Amino acid sequence: MVRHRNDLYGYLPLVERFTMINIVLVEPEIPQNTGNIARTCAATGSALHLVKPLGFAIDDKKLKRAGLDYWNELNITYYDSLDDFLYKHTGDSLYYFSTKAPRCYSEVDYPDNCFLVFGKETRGLPEELLEANLERSVRLPMRQKLRSLNLSNTVAVAVYEVLRQRQFFGLEKSGKYGF
């Protein structure tokens, strides 16, 4: 496991350590998706966890382009395998996102320091993992007969649901023309 920025929580103020959202991508395959997700993580203060094998090199131009100039704002942790990640986060609050899950993502009250886990674009998460964790497996509703939503869109919806539940704590809620 390799971490950027010292350890996972060392540089964060104490209050943010307890409200952290962790995005976990298991074997992501498409660099543009991971770049877009990295940008979402930077914009929301979420940590990004990448589980190998990755379908691209970390220095891939497409990955960097999608994340633009936000890479220095990221807290990224790498894991050698899904087993490595699960071992290191035994006892943590893990939520598995899948089209096969039994309940809607908005029915969950996400605790502080939660981990939102997403599978690879072509296959999702392993079925045995979902079956062993049905009570923590969630989905985004969509029309029948459609395979899935884009991974980066799904991650953004999930992150913003957790943030909504926290009243967008720590984020700027109004822009230049806000009241």
* Structure fact -> Length gained, residue 57-residue 73, 0.36 nm per residue minus C-alpha separation, equals 3.8 nm
* Which order results if 117, 157, 108, 26 are arranged by neighbouring Cβ count within 10 Å, fewest first? -> 157, 108, 26, 117
* To do: Calculate I(q)/I(0) for segment 60-179 by the Debye formula, one identical point scatterer on each C-alpha and no solvent, and give its log10 at q = 0.22, 0.23 Å⁻¹ to two decimals.
  => -1.49, -1.53
* To do: Report the extension gain between residue 90 and residue 113 in nm, rounded to one decimal, defined as 0.36 nm multiplied by the number of residues separating them, less their alpha carbon distance.
  => 7.0 nm
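For segment 70-179, give the share of DSSP beta bridges that are antiparallel, in percent and rounded to the nearest 5; count only bridges with both residues there. Let's see the in-between values first.
Numbers: 1 of 9 bridges.
Antiparallel bridges make up about 10 percent of those DSSP assigns within segment 70-179.
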* Asked: Among the trypsin sites (Lys or Arg not before Pro) within segment 64-138, which fall in a DSSP loop and have no more than 12 other Cβ atoms within 10 Å of their own Cβ?
  -> 123
* Structure fact -> Nearest-0.05 FRET efficiency for residue 177 and residue 104 at R0 = 45 Å, using Cβ-Cβ distance, is 0.85
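None of the figures in this text is laboratory data; all of them are computed from the coordinates on show. Values in this document were obtained by computation on a predicted structure and should not be read as measured data. Backbone-built Cβ (ideal geometry, glycine too); neighbour counts: all protein chains shown.
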